[in-house]
């Protein structure tokens, strides 16, 4: 049988990540891929789709409900077990590390599922990395903004040049063993409390 | 602390009020005083707790009482040997129904008095009336198939002549979604811990009809589950943790600390719910919905009545219910695993240096104590019970075969 004959259901509230997984599955030749973002009415969907493999993100608070449904529900014709193979500990650990869990119908061969799980794990990891980098870039930008505001406050209230204002922030941060952005944030907060020193 | 801590322990917990003893151990300095750096990780599902314990992300975790049994018995997708050296408290759950179901029950004689027998009889009459009219069975929710909630709800229904599998439907809903599911009509009732019953009452969408503390007085709920291999490799860390939890539990029980505990649990990192809605769990004063208020004695005990002692009879009762509801066959092997899962020996050896009251036995006959009773114990005095089931049945852990046979439906 070709890879494309397996029916795969992806349950992920994160739409971006879900579409990344879906694209990966389609690239690997899987034509029957369904993505669900909301678990409302999931039993009916499962009955319609009859998935061989279900992929769920571990952040999903409905995981207990879904797991119970896979095992007991009349909506699922064949019992669905977690992961490829209970003995494949490395895969299980990699999946939980990545924040994803896979359930497969009973009797499906390990070698058919392993590539799907491996791909999902690597895409989950790639997504986390991307999200982390995005968050770092965002906080970097935020830091720069708050340092600029703090410099502005110092320039205005103490008549310093921009260079001198920055030097003062840096020296204070070094003396207190804190980050420049933290010192800048404290200054901006204090200035806000003490009165309309800026932006008048 | 991190540089000087003798032990570093990673613990998972779910945002529920009964994680309080574990949370307070970390946040109120009890763990630090025992040389432990306790790293608390909030989780989103019991399945995640189970998986992270199994693969070693967590050393210990806040768990449903039957869950370590299910893990050790291979009932879970990711099985691992998990032991219970400490119980996080007794009681704390309620059964809540929709306003519509309550009206139906009231028409059949239910009163706002939390009496399990009276409420169950009324519910049974309502269920038969609905069935005769060809209506859909009522749908109840619990938090997990291997939970005290599932077993106590089923016990109550069955004792009131309602078959939990044929006369109603029982589904799984995560605790924070219970009240919403009830108001949206997706479920008709549920059994869950606080504050998720008071939440439905506060929203005006649910009525509390009975409580765990009346279904089975002083009965087990959440526990500390520990990965067996971790516990065996780190006996000193485990003993230090149990002492920290003991001091934390005592602090949580003291009425003087109610405000501080509610404020701690209200933080977004922990329960993340307003202090006011946590008070019923702490005081036992419950608003039942629609006006009436009731005080329940020993509604939730984080410390008193040997609440932290991991009784083997509690584990074995859970085991009998797994068998009763078809989750597991009763075999000598399974029984042996269930018997070895709760570890009063570890609790006792860790707390012995403190000179506190410790039960002398590992198991007790559940339902034998009709009143609070001082018992023989090492060191200081100890009061146990009452521990009766509402239907007057007795569970003798030495007569398991007879108990299972008597509950067999076939």
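Scanning for something surrounded by fewer than 16 Cβ atoms within 10 Å (Cβ to Cβ), touching a helix residue (DSSP H, G or I) at 6+ places or on another chain (Cβ under 8 Å) and not in a helix (DSSP H, G or I), does the range A:40-53 turn up at least one residue?
no
Of everything in the range A:97-114 that's at pLDDT below 85 and assigned to a helix (DSSP H, G or I), which residue is surrounded by the most Cβ atoms within 10 Å (Cβ to Cβ)?
In this case the residue turns out to be A:113.
One residue is enough: does the range B:341-363 have a residue meeting the conditions within 19 Å of residue B:66 (Cα to Cα), crowded, with 16+ Cβ neighbours inside 10 Å and not assigned by TED's automatic domain parsing to the domain that holds residue B:232?
Checking the range B:341-363: at least one residue is within 19 Å of residue B:66 (Cα to Cα), crowded, with 16+ Cβ neighbours inside 10 Å and not assigned by TED's automatic domain parsing to the domain that holds residue B:232.
If a residue has to be crowded, with 17+ Cβ neighbours inside 10 Å, within 13 Å of another protein chain (Cβ to nearest Cβ) and not in a helix (DSSP H, G or I) to count, how many in the range A:54-69 make the cut?
Kept after step one, since they are crowded, with 17+ Cβ neighbours inside 10 Å, are these residues of the range A:54-69: A:54-58, A:60-69.
After this cut, where a residue has to be within 13 Å of another protein chain (Cβ to nearest Cβ) as well, the list is A:54, A:56-58, A:60-69.
Going one step further and asking which of them are not in a helix (DSSP H, G or I), we end up with A:54, A:56-58, A:60-62.
Here the count works out to 7.
I'm checking my understanding of the structure. Among residues of the range A:126-181 that are within 30 Å of residue A:95 (Cβ to Cβ) and in contact (Cβ under 8 Å) with a residue 24 or more places away in the chain, which one is surrounded by the most Cβ atoms within 10 Å (Cβ to Cβ)? Write out each step before concluding.
Taking the range A:126-181 first, the residues within 30 Å of residue A:95 (Cβ to Cβ) are A:126-139.
With in contact (Cβ under 8 Å) with a residue 24 or more places away in the chain added as a condition, the list becomes A:126-128.
On the way: A:126: 14, A:127: 21, A:128: 14.
Checked the range A:126-181; the qualifying residue surrounded by the most Cβ atoms within 10 Å (Cβ to Cβ) is A:127.
Does the range B:131-152 contain at least one residue that is free of Cβ contacts under 8 Å to residues at least 40 places away in the same chain and in a strand (DSSP E or B)? Talk me through it step by step, then tell me what you get.
The initial filter retains those residues of the range B:131-152 that are free of Cβ contacts under 8 Å to residues at least 40 places away in the same chain, namely B:131-137.
Next cut, in a strand (DSSP E or B) only: none.
No - not one qualifying residue is present in the range B:131-152.
Considering only the range B:278-355, give the helices (runs of 4 or more DSSP H) lying wholly within it that have at least 1 residues that are under 21 Å from the mean Cα position of the chain (by Cα) and within 17 Å of residue B:146 (Cβ to Cβ). I'd like the intermediate steps shown before the answer.
On the way: elements: B:312-324, B:332-341, B:344-351.
Because the criterion is at least 1 residues that are under 21 Å from the mean Cα position of the chain (by Cα) and within 17 Å of residue B:146 (Cβ to Cβ), the helices (runs of 4 or more DSSP H) in the range B:278-355 that meet it are B:312-324, B:332-341.
Report, by residue number, each residue of the range B:160-186 that is within 12 Å of chain A (Cβ to nearest Cβ) and touching a residue at least 60 places away in the same chain (Cβ under 8 Å).
Step one: filter the range B:160-186 for residues within 12 Å of chain A (Cβ to nearest Cβ), giving B:165, B:169-178, B:180-181, B:184, B:186.
Those that are within 12 Å of chain A (Cβ to nearest Cβ) and touching a residue at least 60 places away in the same chain (Cβ under 8 Å): B:165, B:174, B:175, B:176, B:178.
Here's a check for you: in the range B:200-233, which residue that is in the same structural domain as residue B:57 (by TED's automatic domain parsing) and free of Cβ contacts under 8 Å to residues at least 40 places away in the same chain is farthest from residue B:94 (Cα to Cα)?
Looking at residues that are in the same structural domain as residue B:57 (by TED's automatic domain parsing) and free of Cβ contacts under 8 Å to residues at least 40 places away in the same chain, I get B:233.
Name the single residue that is surrounded by the most Cβ atoms within 10 Å (Cβ to Cβ) among those in the range A:75-96 being more than 8 Å from chain B (Cβ to nearest Cβ) and at pLDDT 85 or above.
Among residues in the range A:75-96 that are more than 8 Å from chain B (Cβ to nearest Cβ) and at pLDDT 85 or above, the one surrounded by the most Cβ atoms within 10 Å (Cβ to Cβ) is A:95.
Might you let me know whether the range A:6-15 holds any residue that is within 14 Å of chain B (Cβ to nearest Cβ) and either buried (at least 20 other Cβ atoms within 10 Å of the Cβ) or in a helix (DSSP H, G or I) (or both)? Walk me through how you get there before you give the answer.
So the first thing to find is which residues in the range A:6-15 are within 14 Å of chain B (Cβ to nearest Cβ), and the list is A:11-14.
So of that shortlist, the ones also either buried (at least 20 other Cβ atoms within 10 Å of the Cβ) or in a helix (DSSP H, G or I) (or both) come out as A:11-12.
Scanning the range A:6-15 turns up at least one residue that is within 14 Å of chain B (Cβ to nearest Cβ) and either buried (at least 20 other Cβ atoms within 10 Å of the Cβ) or in a helix (DSSP H, G or I) (or both).
Would you check which residues across the range A:18-38 are out of contact with any strand residue (DSSP E or B) (no Cβ under 7 Å at 6 or more places or on another chain) and touching a residue at least 24 places away in the same chain (Cβ under 8 Å) and list them?
Hits for the range A:18-38 are A:20, A:24, A:28, A:29, A:31, A:37, A:38.
Can you tell which of B:62, B:57 is in contact with a helix residue (DSSP H, G or I) (Cβ under 9 Å, 6 or more places away or on another chain) and over 20 Å from residue B:148 (Cα atoms)? Full working, then the answer.
Details: B:62 fails: over 20 Å from residue B:148 (Cα atoms).
Matching residue, one of B:62, B:57: B:57.
From B:85, B:164, B:137, grab the single residue that is closer than 30 Å to residue B:225 by Cβ, modelled with pLDDT of 95 or more and surrounded by fewer than 22 Cβ atoms within 10 Å (Cβ to Cβ).
On the way: B:85 fails: surrounded by fewer than 22 Cβ atoms within 10 Å (Cβ to Cβ); B:137 fails: closer than 30 Å to residue B:225 by Cβ.
Answer to the check: B:164.
Please determine whether any residue of the range B:74-82 is surrounded by 24 or more Cβ atoms within 10 Å (Cβ to Cβ) and either touching a strand residue (DSSP E or B) at 6+ places or on another chain (Cβ under 6 Å) or more than 14 Å from every other protein chain (Cβ to nearest Cβ) (or both). Steps first, answer last, please.
First, pick out the residues of the range B:74-82 that are surrounded by 24 or more Cβ atoms within 10 Å (Cβ to Cβ): B:82.
Then drop every residue that is not either touching a strand residue (DSSP E or B) at 6+ places or on another chain (Cβ under 6 Å) or more than 14 Å from every other protein chain (Cβ to nearest Cβ) (or both), which leaves B:82.
Checked against the condition, which is being surrounded by 24 or more Cβ atoms within 10 Å (Cβ to Cβ) and either touching a strand residue (DSSP E or B) at 6+ places or on another chain (Cβ under 6 Å) or more than 14 Å from every other protein chain (Cβ to nearest Cβ) (or both), the range B:74-82 yields at least one hit.
How many residues are touching a residue at least 24 places away in the same chain (Cβ under 8 Å) and more than 12 Å from every other protein chain (Cβ to nearest Cβ) if we restrict to the range B:18-64?
27
From the list A:39, A:55, A:35, which one is under 20 Å from the mean Cα position of the chain (by Cα), within 20 Å of residue A:68 (Cβ to Cβ) and modelled with pLDDT of 90 or more?
Numbers: A:39 fails: modelled with pLDDT of 90 or more; A:35 fails: within 20 Å of residue A:68 (Cβ to Cβ).
None of the others qualify; the one that does is A:55.
The values are calculated or read from the model by the stated rules, or taken from the named source; none is laboratory data. Model, not experiment: these values are computed from the prediction. As a convention, Cβ positions derive from the backbone with ideal geometry for all residues, glycine included, and neighbour counts pool all protein chains shown.
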